[in-house]
Amino acid sequence: MKPILLSLALLLASIAAALRADEKANNRAAFQDEFLDKLVGHWNLTRKVRGTTEENKVEAEWVLEHQFLRLHMKDVASPPKYEAEVYIGFDKARNRYVAHWMDTFGGGFSSMGFGVRDGNSLPLTFEDADGTVRNTFTYDPATQSWTSLIVQKTKAATGRHSPKIA
């Protein structure tokens, strides 16, 4: 009886080891990006929209097994007037960044954008039926701060929105 139990235990151990090896082989490598790593942390964000200055808090962290950088932006007003979740990842097959932008304007305004990094800047372009929105994140190594310049081009008008992340 003991040889059978020992054989069974060895068989189960080798099956478990094979399954662990297969699981490791199928895991995706974490998305490593030294540029986006500079955004990780807690930030103050000042937004200037049509002559009005708005203050926001930003929390940036790696999520979903380090595949996306999540930016959670929330107005400091009580109750908040604006809140957004932005997920930035990388599409290796197309060699470009991808961003999913969702905010308090609802599902009709959520959007997916794409961009290619240019030095210390990452321009992301979001297109929909009304036009395009280009959000360019730029890192300034001298001040260790970020600027996000948002330019909106619609069929009716063009607007600029330039928040400073510090």
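No lab work stands behind these numbers, since they all come straight from the coordinates. Since we're looking at a predicted model, the values are computed, not measured. FYI the Cβ positions are ideal-geometry reconstructions off the backbone, even for glycines, and counts take in every protein chain you see.
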message = For the pair Val98/Glu65, report the inter-label distance in nm, with labels modelled 7 Å from Cα in the Cβ direction.
response = 1.5 nm
ask   = Taking 0.36 nm per intervening residue step and subtracting the Cα-Cα distance, what contour gain separates Gln144 from Phe109 on full extension?
value = 9.5 nm
request  = Enumerate by residue number the GluC sites (Glu not before Pro) in segment 29-97 meeting two conditions: DSSP loop (anything except H, G, I, E, B), and at most 11 other Cβ atoms within 10 Å of the site's Cβ.
outcome  = Glu65
ask   = Of Lys48/Lys74; Lys81/Lys153; Lys38/Lys92; Lys92/Lys153, which sit over 26 Å apart, Cα to Cα?
value = Lys92/Lys153
ask   = Under unit Cβ charges (Lys, Arg +1; Asp, Glu -1), what dipole magnitude, rounded to 20 debye, does segment 55-161 have relative to its Cα centre?
value = 320 debye
inquiry  = If you take every residue apart from Met102 with its C-beta less than 14 Å away from the C-beta of Met102, what net charge results, scoring Lys and Arg +1 and Asp and Glu -1?
reply    = -2
query = To the nearest 0.05, what FRET efficiency results for Arg117 and Lys81 with a Förster distance of 22 Å applied to their C-beta separation?
reply = 0.10
ask   = What FRET efficiency do you get for Glu54 and Lys153 if R0 is 22 Å and r is their Cβ-Cβ distance, rounded to the nearest 0.05?
value = 0.50
